[in-house]
1. Pairs only if they're at least six apart or on different chains, beta carbon under 6 angstrom, first in region 122-145 and without any contact (Cβ under 8 Å) to a residue 24 or more places away in the chain, second surrounded by fewer than 18 Cβ atoms within 10 Å (Cβ to Cβ); list them, first residue then second.
2. Which ones in region 199-222 are touching a residue at least 12 places away in the same chain (Cβ under 8 Å), part of a loop (DSSP other than H, G, I, E, B) and farther than 29 Å from I347 by Cα?
3. For region 9-19, indicate whether the set of residues that are part of a strand (DSSP E or B), closer than 22 Å to Y105 by Cβ and of a type in the set (G, A, S) is non-empty.
4. Conditions: (1) open to solvent by less than 40 Å² (accessible area, probe 1.4 Å); (2) at positive phi. G283 meets all but one. Number of the miss?
5. Determine whether region 50-58 contains at least one residue that is within 19 Å of R19 (Cα to Cα), modelled with pLDDT of 80 or more and among the aliphatic types (A, V, I, L, M).
6. Report yes if some residue within region 276-288 is among the β-branched types (V, I, T) and not in a helix (DSSP H, G or I); otherwise report no.
7. Does region 249-256 contain at least one residue that is hydrophobic (A, V, I, L, M, F, W, C), surrounded by 12 or more Cβ atoms within 10 Å (Cβ to Cβ) and modelled with pLDDT of 90 or more?
8. Which of the residues belonging to region 2-22 are touching a helix residue (DSSP H, G or I) at 6+ places or on another chain (Cβ under 6 Å) and at pLDDT 85 or above?
Amino acid sequence: MISNQILQSTVDGLKNITRRELCVVEREGKVVASTEDDMQNTVVKNIEQFVASPAENQLAAGFQYFKVFDNGSIEYIVLVKGDDEETFRIGKMVAFQIQSLLVAYKERYGKDNFIKNLLLDNLLLVDIYSRAKKLHIENNVRRIVYLIETELDKDLNIVEIVRSIFPTKMKDFVTAVDEKSIILVKELKESDGNEEIENIAKTIYDTLSAEAMSNIFVAIGTDVKDLKNASSSYKEAKMALEVGKIFEESNHIINYRQLGIGRLIYQLPTPLCRMFINEVLHGLNMDQFDEETLTTVNKFFDNNLNVSETSRQLYIHRNTLVYRLDKLQKMTGLDLRNFDDAIVFKIMLMVSKYMNYKDHFRY
């Protein structure tokens, strides 16, 4: 079904060309687009009789009536004001234009539904290739999936905004997963590398940010060359979005290839995570570490275990930093100046963050 907004824009444009008053009516008699106000009472009394008749067009009450079909069933009635031969020709042209729009929209939304079912693994392998062929979607083309999450704004059509970013790219597909999530399946050139892939994500983020929306996240899967593997890229983008929210809160563009150890931790079973934390902390819990200690540790890691640079950035004396690290060593048995101990403690912090995230969303 074509949106009423598109139909109204179409009849307004056709009126400017033909200088005739036009109207589009659903088969039940509801006016969905018109160039004249208050057309409902004028046309509805003749619609029922016209729909029931075998004629594809008729003249009644100073209007030419034309039927627009969808698979043999009447979808719309087009009305043009006037009773001369020129009005009849204009009416046939308008009906043809609406018919063409109907076909185009069916094809576009047919592709959208196909892509959505493909990414959600709702299609058999044999159906993927047969339906893709019918919809004129190429198989062996390099593609990548972007998953875009935004806050819901009912006044904005996010899907159309994303589509507008790539107006000339007819081989790209944009579809909504739910009220907050949108999928872009983007065709790539063979020469496109990670920089081009990241730039596409930045373009999406910047465009949506300009629309005054907050909390926008763009997650990137890996590129695939076979249509059936597009679902894998989607799953990777979905994982990237979740892992990014846990370990990279300040980063709004998350690439699956750059998740690092966070991707591994995300896939660990909960009992194993709890066991690891207990073994590292010897029965302690994260609540027993004060904010000052955790801030010091994180800054120490940020500076690659460099004592001098860390103390400088924290505006503390080097001996004060050494005292804090010694205090932590007494609590955990881990000396963070030692690379192996530092790795163990860093992973423990990430696992703890992951467990807090899971506990938070459990309730």
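The values are calculated or read from the model by the stated rules, or taken from the named source; none is laboratory data. Note that the structure is predicted; figures quoted are calculated from it, not measured. Glycine also receives a Cβ, built like all others from the backbone with ideal geometry; neighbour counts cover every protein chain displayed. For accessibility, only protein heavy atoms count, side chains too; no ligands or nucleic acids. Shrake-Rupley method; radii C 1.70, N 1.55, O 1.52, S 1.80 Å.
1. L123/N117
2. E211, M213, S214
3. No: zero hits.
4. So G283 meets the others, but not (1).
5. There is no residue in region 50-58 that is within 19 Å of R19 (Cα to Cα), modelled with pLDDT of 80 or more and among the aliphatic types (A, V, I, L, M).
6. Looking through region 276-288, none of the residues is among the β-branched types (V, I, T) and not in a helix (DSSP H, G or I).
7. The answer is yes, given that some residue of region 249-256 is hydrophobic (A, V, I, L, M, F, W, C), surrounded by 12 or more Cβ atoms within 10 Å (Cβ to Cβ) and modelled with pLDDT of 90 or more.
8. The answer is L14, T18, R20, L22.
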